[in-house]
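Each remark here refers to the structure printed beneath this line.
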Amino acid sequence: MSIPVITLLVFISATFMNHSGVQGNDWKTTCVGEETELTCDHLDPATKNPEYFELVWSVSDSENPLDGTYISYCGKNPNKCSTYPLRQSRFAQRIRVRISSHGRIYVTQLWENDELSFSCQIFLRGNKRSLVTSVNLSSVSCLSLRIGQEINLSEASGENHISPETVYDKWWHIIQPNGGKTPIAYCNATLCSDILRPEFKTRMEINGTSLILKKVKLADKGLRLQCRILQNNKPLPLLYNVMVKNVSVNPTTDSNTSTRDIPTKTPTGINTSITEWERITSTASCIYATILSFLSLFGSVFNGY
């Protein structure tokens with residue numbers, strides 16, 4: 001289905017402006033392989049306007065926000081929509097799209113740590129500006145656990161596949177529902193701090209440079225964590241996300257299923273700035289690590305005598 005040239009130019013311009021200012025707290029979480037319904041907020045009032053013309057859904061990612069592609073089109077009747085083929089698109093292996101009624105679509109993200117922006121644009125005849133609804137989805141590795149289980153979060157998120165030789169420092173955070181971050185642990189390439197939050201000291205531990213969650217509780221449902229790794233000589237960090245989707249009383253068959261066969265795309269465009277708190281704690285953690293190393297060396301020398 002073709003789109004008029006003027007509409008296409010307006011669409012491209014509006015899309016570029018819309019994706020240029022995405023903020024980290026605007027991102028919603030979705031599990032890899034799970035369908036998410038997306039709706040056009042402005043559609044109902046727009047369809048009551050006799051000048052309503054069409055709507056178009058598009059997608060772009062955080063690394064290349066100006067390089068988007070169409071995924072769905074609805075003409076005068078928003079209940080009759082079609083999808084654009086993604087075979088030639090770089091999103092072909094990253095998403096599945098299913099159309100629904102009244103301009104809604106269902107999208108499924110297929111890669112871990114993939115941050116995609118979806119935009120619905122509504123056009124009115126004679127109006128050079130479109131009405132835009134944007135939804136930003138961040139795909140995470142979701143876990144189904146049982147009460148009392150112990151889980152290696154570094155393995156579940158995939159962050160432990162990064163070679164330690166390339167790691168400058170590493171942060172673990174709990175992601176709050178409002179998008180805020182609570183620091184849990186800090187590591188350099190070889191050594192980690194203790195758990196930084198008192199309420200988790202008895203339930204989390206560091207094993208080597210891996211973060212372990214012990215004695216899973218029902219209250220852990222919805223718990224989301226992020227590992228932020230800054231590599232040597234690279235300005236942007238790697239982000240690895242994991243979320244406890246379900247907690248059950250009985251053992252589950254998929255609790256320990258590896259997600260390493262799921263394609264992983266490491267996002268680098270969202271929340272990449274190092275906060276002042278991280279700078280302060282990073283310095284303190286480095287001092288802490290140095291003291292630990294010194295005490296270990298001193299103990300070895302002392303025992304030698």
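The values are calculated or read from the model by the stated rules, or taken from the named source; none is laboratory data. The structure presented is a predicted model; accordingly, all values stated were derived computationally and were not measured. Every residue, glycine among them, receives a Cβ derived from its backbone with ideal geometry; neighbour counts consider all protein chains shown. Protein only, heavy atoms only, side chains kept; ligands, DNA and RNA dropped before computing areas. Shrake-Rupley method; radii C 1.70, N 1.55, O 1.52, S 1.80 Å.
Assorted remarks:
- In order through the range 121-126: 3J(HN,Hα) via Karplus (6.51 cos²θ - 1.76 cosθ + 1.60), integer Hz, x for Gly, Pro: 10, 10, 10, 10, 4, x
- Note: relative contact order over the range 83-152, using C-alpha pairs below 8 Å and six or more positions apart, is 22 percent.
- Cα-based shape type of the range 116-219, given that a ≥ b ≥ c are square roots of the gyration tensor eigenvalues and the cut on a/c is 1.5: prolate
- Taking the Cα centre of the range 155-234 as reference, the dipole from Cβ charges on Lys and Arg (+1) and Asp and Glu (-1) amounts to some 360 debye.
- Set of lysines near Lys215 by C-alpha distance (under 17 Å), chain-local residues within fewer than 8 positions excluded: Lys201, Lys245
- The calculated FRET efficiency for the pair Lys48 and Lys221, based on their C-beta separation and a Förster distance of 41 Å, comes to about 0.50.
- Estimated at the nearest 10 Å², the accessible area of Glu150 is 110 Å² with a 1.4 Å probe.
- Cα-projected label distance for Lys214 with Arg98, points at 7 Å along beta-carbon direction, nm: 4.2
- Heavy atoms of Val56: accessible area, 1.4 Å probe, square angstrom to 10: 0
- Normalised by the number of residues in the range 100-222, the average gap of Cα pairs under 8 Å and 6 or more apart makes the relative contact order 20 percent.
- At R0 = 41 Å, FRET efficiency that the Cβ-Cβ distance of Asn233 and Glu150 yields, to 0.05: 0.70
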